[in-house]
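One structure is given below, encoded as structure tokens.
What follows is calculated from the coordinates using simple rules that are stated; it is not laboratory data. In this text the structure is predicted, and so the values were computed from the model without any measurement. All Cβ positions, even for glycine, are placed from backbone atoms using ideal geometry, and neighbour counts span all protein chains on display.
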Amino acid sequence: MNLPTVNTVILQTVVLLALSNLFMTVAWYAHLKHLNDKPWWIAALVSWGVALFEYLLQVPANRIGYQQLTLPQLKVMQEVITLLVFAPFAVLYMKEPLSWNYLWAGLCLVGAVYFIFRG
């Protein structure tokens, strides 16, 4: 039986988590732009439908990642990917103004990555 290499595991995990985060971000926030005039429960049902695809990617991503990464490492990786997906979504899709806060939050996450992945 061939075990996947660390690089393969991490690459697969990152790609699946990035795609999962894209669906998650759309599920959580796109209704604010497109369903704002609809009752909240319609937005919730549509969001749940989109979130299904998030889970179909997120669950295998975490199972694959957990082969080589610890649970805290997976969580910090998820948060970094979330910010990397959310910032362009907010600015480009939702037309939110770009803010220095994205940079500061990113720097805080760099610190989190350092501490969670250091030996």
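At-a-glance table
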read-out	value
Theoretical gain in end-to-end length, TYR114 to LEU98 [0.36 nm per residue, Cα-Cα removed]	3.2 nm
Computed label-point distance, nm, for sites LEU84 and VAL15 using a 7 Å Cα→Cβ extension	1.4
Scattering profile of the chain at q = 0.10, 0.22 Å⁻¹ [log10 I(q)/I(0), Debye over alpha-carbon scatterers]	-0.37, -1.22
Contour excess over end-to-end distance, with Cα ends at VAL6 and LEU52 and 0.36 nm allotted per residue	13.8 nm
Angle between the chain longest axis and helix 40-65 axis [Cα atoms, degrees, rounded to 10]	10
